[in-house]
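The values are calculated or read from the model by the stated rules, or taken from the named source; none is laboratory data. Not measured: the values here are computed from a predicted model. No Cβ is skipped: glycine too gets one built from the backbone with ideal geometry, and neighbour counts run over all protein chains shown.
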Amino acid sequence: MTATSEATRSDLSPDTRLRLDQICSLMSIECFAGARMEIRQIEAVEDPILVSHYLAVWASYAIPHERYRADAEDMVRAFIAEGRLSQKLGVFVAFIEGEPVGSVACQLQTANYPNLLKPETRTNGYVWSVFVDDAHRGKGIAKALMQRAMDYLRAIGCTTAVLNSSDAGESLYLGLGFQHVKEMRLSLDGSEVD
């Protein structure tokens, strides 16, 4: 956004903002208050970004540390590696001025039951680890990341996208067209169902 780097988006006319958004969209770049944001698919060498963002998502749930497995970080790395190997994992990271500020991961979803339908009839993609750094929330970054994830899932043949939403993300996902579906859970050990 070099031509308007002295101004913020709110200083621009609606027509100029629309044209700028269209141009940035074509370039896979979003512009926020004079800053350049790029969303790109990362390779395995950059997976530590996703690992750190995924752990930050879990930290935001305020689960006591003693409930975590000692090998939690290794588990995340192994899950990512397996996803890249067999589930067509796609990881997209939002960078503002070169710094990673958000990410999303998506991949083919492995069913918990035999799926008897043809792939063109139902192939679920699963979205996980939607993360935006606290300092950059409320700027549309999560929405832009989700749009990239949906495009990727379509490209790998998915007919449906599935995710588990936090309370904080629910309005975003509903706004993107996600719908509530029935899932039932029962605590088998007397603990609270989460």
TODO: Could you list all residues from the range 144-188 that are in contact with a Lys or Arg (Cβ under 7 Å, 6 or more places away or on another chain) and under 17 Å from GLN87 (Cβ atoms)?
DONE: ILE156, THR159, THR160
Open item on the list: Return the pair list, or none, for Cβ contacts closer than 6 Å from residues in the range 163-188 that are without any contact (Cβ under 8 Å) to a residue 60 or more places away in the chain to residues that are hydrophobic (A, V, I, L, M, F, W, C), at least 6 apart or on different chains.
Closed with: LEU163/VAL127; LEU172/ALA142; LEU176/MET146; ARG185/VAL193; SER187/VAL193
Open item on the list: I want to confirm something. Restricting to the range 15-46 and keeping residues that are in a helix (DSSP H, G or I) and touching a Lys or Arg at 6+ places or on another chain (Cβ under 7 Å), which single residue is modelled with the lowest pLDDT?
Closed with: ARG17
Open item on the list: For the range 136-162, which positions are without any contact (Cβ under 8 Å) to a residue 24 or more places away in the chain and among the small types (Gly, Ala, Ser)?
Closed with: GLY138, ALA155
